[in-house]
1. Return the FRET efficiency for the residue pair THR135, ARG77: r is the Cβ-Cβ distance, R0 is 41 Å, and the value is rounded to the nearest 0.05.
2. Given +1 on the Cβ of Lys and Arg, -1 on the Cβ of Asp and Glu, and no further charges, what dipole in debye does region 99-173 carry about its Cα centre, rounded to the nearest 20?
3. By how many degrees, between 0 and 90 and to the nearest 10, does the Cα long axis of helix 36-48 differ from the longest principal axis of the chain?
4. Counting alpha carbon pairs within less than 8 Å and at least 6 residues apart, what relative contact order, in whole percent, applies to region 37-173?
5. Given the -39500 (n - 2.57) contribution per DSSP H run of 4+ residues, what per-residue ellipticity at 222 nm results for the chain, rounded to the nearest 500 deg cm²/dmol?
6. Whose amide H sits under 5 Å from the amide H of LYS34, counting only residues 5 or more places off or on another chain, with H placed in the peptide plane?
7. Within region 1-109, list the trypsin sites (Lys or Arg not before Pro) lying in a DSSP loop whose Cβ has at most 12 other Cβ atoms in a 10 Å radius.
8. Find how much the distance from ARG88 to ARG125 grows on full extension, using 0.36 nm per residue of separation minus their present alpha carbon separation; answer in nm with one decimal.
Amino acid sequence: MTEKSIEKKCDKCNVVYPATLEYFYKDKGGLRGKCKVCVREEAKVRAKSGYVCPGRKESLKKYNNSEKGTKTQRKYRRTEKGKGLSRRAKLGYYYNLTNDDYNFMFQRQEGCCKICNTHQSQLKRRLDIDHDHVTSKVRGLLCSPCNRQLGSYEHGKKFNPLFTERFVRYLSE
């Protein structure tokens, strides 16, 4: 006796496939009515249209504010992908810059602080983005010590007088 293979027709595209998990997703009654290809296409269309399931935002908000949700978020933010996403979001939000804009500035300055010319490889942190707090215009990339000293200089607070000439030259550019 030969085994007859069970086949199933997709409800959307009407193509007949073997009734296996390779071609159909699971459902309560066994297998879904639509093939995996059609389900994926529908998901892409729905995602592009900006559709959000009713109640999805509320349930996400509830989860994100829960203890488990906050732990998951912290864990994700520690990953390289999470750090990059957070950094890109901050660049856009605070400075209206993209990652490409930052990289262009970094290349233009040859990876060095614009005031003291210290290369980023000699620093513990990446170069800070310096901007005018009045106009919000980005001026350049600085190492953390120069950025802090420049802030003190601009606000008339105590600063290292050895930097005065460099600050005047930098701010006049």
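1. Approximately 0.85, to the nearest 0.05.
2. I would put it at about 300 debye.
3. It is inclined by approximately 40 degrees.
4. 13 percent
5. -14000 deg cm²/dmol
6. Sorted by chain and number, the residues that satisfy this are ASP11.
7. LYS4, LYS28, ARG78
8. Stretched fully, the ARG88-ARG125 segment lengthens by 11.7 nm.
Values quoted throughout were computed directly from the atomic coordinates according to the rules given, and no laboratory measurement underlies them. A quick note: this is a predicted structure, and the numbers were derived from the prediction, not measured. A quick note on method: Cβ atoms are made from the backbone with ideal geometry, for glycine too, and the neighbour counts reach across all protein chains shown.
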